[in-house]
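Note sheet for the following structure.
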Amino acid sequence: MDHHPPMDTTAPRHLPTAELTAGLTEVARSPRGSGTLDLVVRRPAVDERELLAEGTLDITDGLVGDSWAQRGSSATGDGSAHPDRQLTVMNSRFVRLVAGDDPQHWGLAGDQLFADLDLHTDALPAGTRLAVGDEAVIEVTAEPHTGCAKFANRYGRDAHKLVWSEQGRQARLRGLYARVVVGGVIRPGDQIRVLGPADATEGTAMALNPPV
């Protein structure tokens with residue numbers, strides 16, 4: 001069942017730099033190549049969140065029912081939604097570090113997909129495609145995803161400084177932007193797999209439907 005409670009924008013804790021830095025050891029253990037989708041969060045409106053047991057990714061709409069298209073973007077000339085910012089993916093080990101174990105507190109980050117997967121720029125350069133579950137495929141874009149004032153207010157100034165640091169940007173602690181290239185149903189617990197670069201279109205199809 002989907003959860004859509006009133007959003008509490010008060011973060012459960014603001015960890016100091018020393019504790020955040022110590023916690024990065026666990027974040028660095030995130031698997032490369034193949035991981036797990038831990039949480040799917042839809043944002044029907046500003047400061048509203050729905051934790052989904054099942055979501056649908058769509059080439060045009062991104063996460064169906066999410067407000068990405070309606071929000072628009074200051075990064076486009078006409079203020080329309082940025083096509084390379086359809087989805088945001090955040091490392092679930094890092095969000096657990098800054099927010100604790102409650103998924104509702106994870107949702108404060110404003111991201112839609114939370115995955116136990118190494119998001120480092122070396123592991124997932126722009127153009128890398130990821131299979132999510134049995135159907136959907138997303139592509140990592142070159143758009144930088146960094147912490148905003150809301151992130152600092154919710155998780156603390158030290159967490160904000162960390163994601164803005166060179167180490168934080170390389171590890172993509174704040175997350176990454178992606179776009180949908182193959183639609184499909186996704187669920188928490190789904191495997192998320194690295195398929196390869198965007199120009200390997202035929203390889204993407206083969207990876208999703210390998211010969212028997």
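Structure notes:
- Any hit, the range 24-47, residues being at pLDDT below 95, surrounded by 13 or more Cβ atoms within 10 Å (Cβ to Cβ) and out of contact with any Ser or Thr (no Cβ under 6 Å at 6 or more places or on another chain): no
- Taking the criterion of being in contact with a Lys or Arg (Cβ under 9 Å, 6 or more places away or on another chain) and part of a helix (DSSP H, G or I), the residues of the range 137-159 that qualify are Phe151, Ala152, Tyr155.
- Filter result for Tyr155 (buried (at least 19 other Cβ atoms within 10 Å of the Cβ), modelled with pLDDT of 95 or more and among the aromatic types (Phe, Trp, Tyr)): no
- Boolean, Arg13 is in a loop (DSSP other than H, G, I, E, B), modelled with pLDDT under 95 and open to solvent by 50 Å² or more (accessible area, probe 1.4 Å): yes
- Note on the range 184-198: among residues that are part of a strand (DSSP E or B) and open to solvent by 30 Å² or more (accessible area, probe 1.4 Å), the one that is farthest from Asp38 (Cα to Cα) is Pro197.
- Test: residue in the range 55-63 that is outside any strand (DSSP E or B) and of a type in the set (Val, Ile, Thr): yes
- Some residue of the range 77-91 being in contact with an Asp or Glu (Cβ under 7 Å, 6 or more places away or on another chain), assigned to a helix (DSSP H, G or I) and touching a residue at least 40 places away in the same chain (Cβ under 8 Å): yes
- Single residue of Val180, Val163 found to be in a strand (DSSP E or B) and either among the β-branched types (Val, Ile, Thr) or surrounded by fewer than 17 Cβ atoms within 10 Å (Cβ to Cβ) (or both): Val180
Conditions tested, residue by residue: (1) more than 14 Å from the chain's Cα centre (by Cα); (2) farther than 26 Å from Pro197 by Cα; (3) buried (at least 17 other Cβ atoms within 10 Å of the Cβ); (4) modelled with pLDDT under 95.
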residue: Gly62; (1), (2), (3), (4): no, no, yes, no
residue: Ser67; (1), (2), (3), (4): yes, yes, no, yes
residue: Arg71; (1), (2), (3), (4): yes, yes, no, yes
residue: Ser80; (1), (2), (3), (4): yes, yes, no, yes
residue: Ser92; (1), (2), (3), (4): no, no, yes, no
residue: Leu117; (1), (2), (3), (4): no, no, yes, no
residue: Gly127; (1), (2), (3), (4): yes, no, no, no
residue: Asp134; (1), (2), (3), (4): yes, no, no, no
residue: His145; (1), (2), (3), (4): no, no, yes, yes
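The values are calculated or read from the model by the stated rules, or taken from the named source; none is laboratory data. These figures come from a predicted structure and were not determined experimentally. Every residue, glycine among them, receives a Cβ derived from its backbone with ideal geometry; neighbour counts consider all protein chains shown. Note: areas computed on protein heavy atoms with side chains; ligands, DNA, RNA excluded. Shrake-Rupley method; radii C 1.70, N 1.55, O 1.52, S 1.80 Å.
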